[in-house]
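Here is the structure we will look at, set down as structure tokens.
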Amino acid sequence: MEVPMAKAKQSLSPEDLDHLRAELDAGRQPPVWFTASAVGMEAGKSAKVLALTDPPEGDFIQVRPTGARDELSFSPAELTLEKPAPRKKEPAPPPPPPVATPAAETSVEPTPVEHIYTPEPPPKPKPAAKPAPKKPARGVEVTVTLNSTADGEWTVDVQSGSKRTLRAAPISAALVAQAARSLLPEVHEAVEGVLAAAREKHLARVEQLRSELEAAQRALDELSE
């Protein structure tokens, strides 16, 4: 008689990923279960989804396994929304047969019969399951970008992995100059060139405004005479 094989857990589909994003946007941490493809995890174990990176790259689903504190990343093929069926309990072993007792004495001595009962050996204890190895934490690449305008205004962008954590935040030219002096000479030279050009532009503007102010003052003086 053929025994039907257990159906493999389906990995997360694009519709499942949309459902998880909707749950996260609503402030909930939806549950998922590990498939047999999950590296270092027991198939059927549950976890809570913490975040999904955007756009997805590799293992982009961050989860916390049940009973653990670590936050690990997995791919859709390693997770499923299908909850595994509960495991069936093993039936208790049957009780041992009763031990035969000798018959009562009668006038006719019966032929002695030796009753020997050999108890079954106790079942060997199952070895304890080895703990699943922890998935090593992956380093995050951080990119810091400084942008300047012709007027000497500066902004800074910060990107951590695939997420942009800071976009076009204004920063003073004095802080940029201070940071550039502590870096490589090539960085300091490039930043100083931008600052020098901005100073010359603003100085020319000041001289122009000063000339216009002096002309306006002379015209006012002539009108006052």
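So, in Å, what gap is there between the alpha-carbon centers of region 15-80 and region 178-225?
Value for the Cα centre distance between the two parts: 56 Å.
Mind checking which aspartates and glutamates have their C-alpha under 19 Å from Lys45, skipping anything on the same chain fewer than 8 residues away?
Asp16, Asp59, Asp70, Glu71, Glu78, Glu82
Hey, rough spin-label estimate for Gln62 and Val206, points 7 angstrom out along Cα→Cβ, what's it come to in nanometres?
Here the answer is 4.7 nm between the modelled labels.
Quick one: of Lys83/Lys163; Lys83/Lys130; Lys48/Lys130; Lys134/Lys163; Lys48/Lys163, which pairs are farther than 29 Å apart, Cα to Cα? Before the final figure, lay out the partial values.
Values: Lys83/Lys163 31 Å; Lys83/Lys130 23 Å; Lys48/Lys130 23 Å; Lys134/Lys163 25 Å; Lys48/Lys163 21 Å.
Cα-Cα > 29 Å for Lys83/Lys163; rest within.
On full extension of the chain, what length is gained from Leu52 through Glu23, given 0.36 nm per residue of separation minus the C-alpha to C-alpha distance? Before the final figure, lay out each step's value.
Values: separation 29, 0.36 × 29 = 10.44 nm, distance 1.11 nm.
Between Leu52 and Glu23, full extension yields an extra 9.3 nm.
Read the figures in this text as sums done on the coordinates, not as results from a lab. Only a predicted model underlies this, so the values are computations on that prediction, with no experimental measurement involved. As a convention, Cβ positions derive from the backbone with ideal geometry for all residues, glycine included, and neighbour counts pool all protein chains shown.
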